[in-house]
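Worksheet: one structure, shown below.
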Amino acid sequence: MYEQLFVNLTIITTCLFLYHQLFKKILYSYKHSLRAKITLGTLTGVLAILLMHFSIQINGETLIDLRHIPLMLATLFGGWVPTLITGIMIIIGRFFIGVNASAMANLIFIACLIPSFILIVKTINGLWKASITMMAVSVFFFSIIVYQLIGNAAFLNELVFIYLGFTFAAGIVSVYTNKYLRRTNQLMKEYERNAFQDPLTGLNNVRSFDQTFNRLATKAIQKKEMLSLTVIDIDYFKHINDTYGHPEGDEILKQVGKILLEKSRESDFVSRNGGEEFTVLMPKCSEEEAKKVSERIRKSIQQHSFDIHNGHTKINLTVSIGISTYPGTVGDTRDLYRKADQALYIAKNEGRNRVASA
């Protein structure tokens, strides 16, 4: 009996691990979407059916299983949509095994658990409080339904006691495992995002810029496409930091990053390369088109009133922009950044707040 419990716990933890690895893009990228909820409900439904086929034998005639544990996980981590999907799959799966009194008892059991679990999640705060309440409710409904099927009171008491122990053992292991895997995957996703994303502005960082630059440069050479690069620098940013403080300087960087995203083309790749320097990679973009986009950016920043001190202070600033284009102003993609940087210094030396081309 205890060996079978171990097998069931192994099935649960193995399936949860596989689900979190194979379907993490759906489960985490679309956290609140209907697609994620349907996927979660389907996966927990499959797990429940699998557990029904590995029932735990109590004696020669009596079997119990842990089908209610996946239903509990669906409710705790997904809401009513995956709960309903899992419940329907459990009911249909049991009728496929056989249409009898036990299958009807399963239908009643699941029909009682679905609204109860949803109500518990809505009314009880805290994952573990809700989980333990769900386990207790499962044992309660199980006891009532089994009492109608089994007339032996002494055996019924023993069965309910065993079911209670198995439910709490499997429930605690399942909730902890799922919570741990979710947290691990979320942290990994956050680490991956931070590795290629500037944490202050949300733009791509210099590592992401380097990778994308190499990819687009190779593509431009192979397909004989144009590739433009702009290097953007905020004018007198050190003076802004010294006057208003670094926290307000950070707020300005965020607002500049937002303007760059809004005014660049949809296909452009916007990065913060460090400090007050930004870049925009423009695939399939001629020098003239790059000048138009850069002028649009420059004018938008010049005309924008930047809010600092929680909106109590507004300041204006300007940017200088350098452009280089392959093939055109440069004959080798490896010179794109160096030439754009040189053009940036030309713009600064000519008075700032302007666009210069290599």
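Counting only GluC sites (Glu not before Pro) that DSSP places in a loop and that have at most 16 other Cβ atoms within 10 Å, the longest clean stretch of the chain runs over 62-224. Computed with a 1.4 Å probe over protein heavy atoms only, the accessible area of CYS112 comes to about 40 Å².
Helix 101-123 and the longest principal axis of the C-alpha atoms of the chain enclose an angle of approximately 40°. Taking other residues whose beta carbon is less than 15 angstrom from the beta carbon of VAL121, and scoring Lys, Arg as +1 and Asp, Glu as -1, yields +4.
Dipole magnitude for segment 144-242: computed about the Cα centre from +1 point charges on Lys and Arg Cβ and -1 point charges on Asp and Glu Cβ, it is near 360 debye. In this Cβ point-charge picture (+1 for Lys and Arg, -1 for Asp and Glu), the chain has a dipole of about 560 debye about its Cα centre.
The Cα center of segment 248-273 and the Cα center of segment 323-351 differ in position by 20 Å. Average accessible surface for the chain: 51 Å² per residue, computed with a 1.4 Å probe over protein heavy atoms with every protein chain in place. Note: relative contact order over segment 86-227, using C-alpha pairs below 8 Å and six or more positions apart, is 13 percent. The string of couplings for segment 255-262 from the Karplus curve (6.51, -1.76, 1.60, θ = phi - 60°) is 5, 5, x, 5, 5, 4, 5, 5 Hz, one whole number per residue in order, with x for Gly and Pro. Of the residues LEU119, GLY98, MET134, the one whose Cα sits farthest toward the positive end of the charge dipole of the chain, with +1 on the Cβ of Lys and Arg and -1 on the Cβ of Asp and Glu, is GLY98. For LYS122, the lysines whose Cα comes closer than 19 Å to its Cα, not counting residues fewer than 8 places off in the same chain, are LYS31, LYS37, LYS179.
Consider the candidate values (1) 1.03; (2) 0.99; (3) 1.23; state which one is Rg/Rh (Cα atoms, Kirkwood Rh) computed from the structure displayed. Computing Rg/Rh (Cα atoms, Kirkwood Rh) and matching it to (1) 1.03; (2) 0.99; (3) 1.23 gives (3).
Taking Cα atoms only, the orientation of helix 336-349 departs from the longest principal axis of the chain by about 50 degrees.
Database remark: amide H of ASP235 closer than 5 angstrom to the amide H of THR318, VAL319, SER320 (H placed geometrically; neighbours at sequence offset of 5 or more, or on other chains; Pro and chain starts carry no H).
For the chain, averaging the sequence separation of C-alpha pairs within contact (under 8 Å, six or more residues apart) and dividing by the residue count gives a relative contact order of 12 percent. When only Cα pairs below 8 angstrom with a gap of at least 6 residues are kept, segment 229-358 shows a relative contact order of 29 percent. The count of lysine pairs in segment 214-358 that are at least 8 places apart or cross chains, and whose C-alpha atoms lie under 18 Å apart, stands at 22. Applied to segment 319-330, the Karplus parametrisation 6.51 cos²θ - 1.76 cosθ + 1.60 on θ = phi - 60° returns per-residue 3J(HN,Hα) values of 10, 10, 9, x, 10, 9, 9, 10, x, x, 6, 10 Hz, with x for Gly and Pro.
Projecting the Cα atoms of THR14, ALA195, GLY165 onto the dipole axis of the chain, where Lys and Arg carry +1 and Asp and Glu carry -1 at the beta carbon, places ALA195 farthest toward the positive end.
The values are calculated or read from the model by the stated rules, or taken from the named source; none is laboratory data. None of these values were measured; they are calculated from a predicted model. Glycine also receives a Cβ, built like all others from the backbone with ideal geometry; neighbour counts cover every protein chain displayed. With ligands, DNA and RNA removed, areas are computed over all heavy atoms of the protein, side chains included. Shrake-Rupley method; radii C 1.70, N 1.55, O 1.52, S 1.80 Å.
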